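Since the structure comes first, as C-alpha cells, the remarks are kept for the end.
The numbers here are math on the coordinates, done by the rules we state, and not lab data. Quick caveat: nothing in here was measured; it's all calculated off a predicted structure. As a convention, Cβ positions derive from the backbone with ideal geometry for all residues, glycine included, and neighbour counts pool all protein chains shown.
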Amino acid sequence: MPDTRRKAEKETPHKEKLCKTCGRPFAWSERRAQDWDIAKYCGQGCSGYGKGERAAELEAAILELLTERGEGQTISPSEAAKMVGGVETRRDWEGLMEPAREAARRLAKTGRIVLMQDNKVVDGATARGAIRLRWK
C-alpha cells in the first residue's frame, strides 16, 4: 500500500563535486544553487561548448520545428534544445536551454518569429518565464 503522506524534501548536500571533463573539484555557490543537483562541469569551457558555439544549430532547429508544425502553431525552446542536444537523458539537452532561448530572442529581433506568453506576443528582452515560439 503506497504512503498517503508526502515525504519531506531532501536537501542536497553542498559537498564538492568533480568535473566530468577535467576531474577538478568545484564547490557549491549561490550562483549554482538552482542547478546544483544537475551540475557536472566546473565551468562552461568543460561543458563541451562555449557561448554561442551551438547558436546556428539551435536557430536552424527552431526554424525547422516551426516549419514542421505549420502556420499558427507554436513550439517550446526546449524542443529545439532536445533536437540539438539529444534526448537520451535530460542532462543531454538541459544545458542548451538558455542558449535555445537566446537563439529564439535573436530570431525574434530579426523579425522571423515572435515570442508568445499566454497567447500574447511579448518582447524577448522583458519576457520572464516560459515562452512559446511562432512564425511571425
Ser76 paired with Ile38, simple spin-label distance in nm, labels 7 Å along Cα-to-beta-carbon: 1.1 nm
Distance in nm between pseudo-label sites at Asp118 and Ala27 (7 Å out along the Cβ direction from Cα): 4.3 nm
